[in-house]
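**Q** My structure is below; once you've seen it, I'll send some questions.
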Amino acid sequence: MKHQTVDQLHAVADVHAEATYLVATRGERLERWAQLLEQNPNRCLGALAGTEYQSVEMRERMRSAGSPITVAFEDPIFRALGLKEDTYGEAKRFFELSDWQLHEIVCHCHVGATMPARWAASRVRAAMSGRSGFFAWLRGTFLH
């Protein structure tokens, strides 16, 4: 392995040494995910179909191009922190979510085939607070 200074690395990479400290906890990662979704609140995102009906193995591999999970995976900081792909199982692991919490964020049964990014952001915030369901969604939608 070749030793390089930070200045040398800047010449070949976009280095964000402070980034790993800014999103170290579960809550910080979830907050960043919500903020990423809110950067383009009207972005149309794909939902995952029937996450609650899939076997554990199938659910872990589920993905949808352009889903809320894809928004997280597009973030270079999350990838640097270890987000490996935009699958349901990887999001569950990386964000430390239960199946029910992730289902509330990405499943089509709540919104149909697509959802606006702002809706997904409110669901991520509901997962942060430990609240879910219709009233948590309303609170997240109108208070953020």
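Nothing in this text is a laboratory measurement; each read-out follows from the coordinates by a stated rule. What you see is a predicted model; the values in this text were computed from it and never measured. We place every Cβ from the backbone using ideal geometry, glycine too, and count neighbours over all the protein chains shown.
**Q** If amide hydrogens are placed 1.01 Å from N in the peptide plane, which non-local residues have theirs closer than 5 Å to the one on T114?
**A** It is A47, by chain and number.
**Q** Within a 10 angstrom radius of the beta carbon, how do Y53, Y88 rank from fewest other beta carbons to most? Spell out each step's value before the answer.
**A** Details: Y53 10, Y88 25.
Ascending Cβ contact count within 10 Å gives the list Y53, Y88.
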